[in-house]
Amino acid sequence: MNDKLRLLTGFSLVLALGLAPACNGGKEDDTTDDGSSTSDDPSTSSDSMTSMPTTTTADTGDSSTTTTTATTDSTISTTDEPTTGPVCDMAELGAACADPECDCASGNCFVVGPLGGVCSECDEDADCADTTGFGCNFGNPLTMTPAVCSTTGDIGESCESADVCAAGLFCPTLIEVPGILSASTCSECESDGDCTGGQICTPTYDIANIGGFYQCVDPGSVPDNEGCNATGDGSECMSGNCAPAALMGIPVVAVCSPCNEDSDCMPGETCTLPEIAIAGNTLEVVPGMCG
């Protein structure tokens, strides 16, 4: 249940290039009949990336002189991009959320697996340590009911350990879907050994609010569609059958049912297991049956 992710770039480029005057090649001068000499024109080359050189030729009697002047372009380019962070809604309690650090003003987004999240007062017991000192009650994204800190730690209040429950109560896991959902509540018992008089420690569910608790009950006293121990023998149920109830194909809880398999039905009938369904903005048990 616990929980809880940009760039200023600057770019500067300066190029400077100077070219030296070119020199004559190594050829010997050719002499004409009038005594004048002729020199080959020098060739000038440059690897400049910015501009081509400008060449000026001056005549001085019987010889020519070539002067090369290089020009250099200097370019400075700067690009500034503003730093931007995530846009936060900072919504109030009861609003839908996904990011606990950005979506909710409280800083707590209580997420219930595939059902989504709701901005809440807390999302773990530690959030309540400095206020009520009890556990963080389960939130419900379907009804947009925020998770809030328990003020009593009584039976049915959420907990992560018995330390946040009232004296004498236990904190067993009520609903467990590995990696998706886990809910524990302050309860009268955690196992049959916590009960007396042959009673059985049995869960009772408040499916609509994703809540409930464990209590001690007499054998054979729990009617169909009420909670039972998935790992037990169904002896707490009037029907004697404790069947798994799945939500979106994932077993979430177990309830007493007319059947758990075809052999529990009349000859020729088949067993339909109970399910947990989303009806509007709430959860409900769809009963199992033989038919």
Has segment 208-224 got at least one residue that is over 39 Å from the mean Cα position of the chain (by Cα), of a type in the set (A, V, I, L, M) and modelled with pLDDT of 95 or more? yes
Take the conditions assigned to a strand (DSSP E or B) and at pLDDT 95 or above and apply them to residue 152. Does it pass? no
Filter segment 148-170 down to the residues that are surrounded by fewer than 22 Cβ atoms within 10 Å (Cβ to Cβ) and of a type in the set (D, E, K, R), then identify the one that is nearest to residue 138 (Cα to Cα). 160
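The values are calculated or read from the model by the stated rules, or taken from the named source; none is laboratory data. Predicted model, so just to flag it, every value in this text is computed and none were measured. Note: ideal-geometry Cβ built from the backbone for every residue, glycine included; neighbour counts use all protein chains shown.
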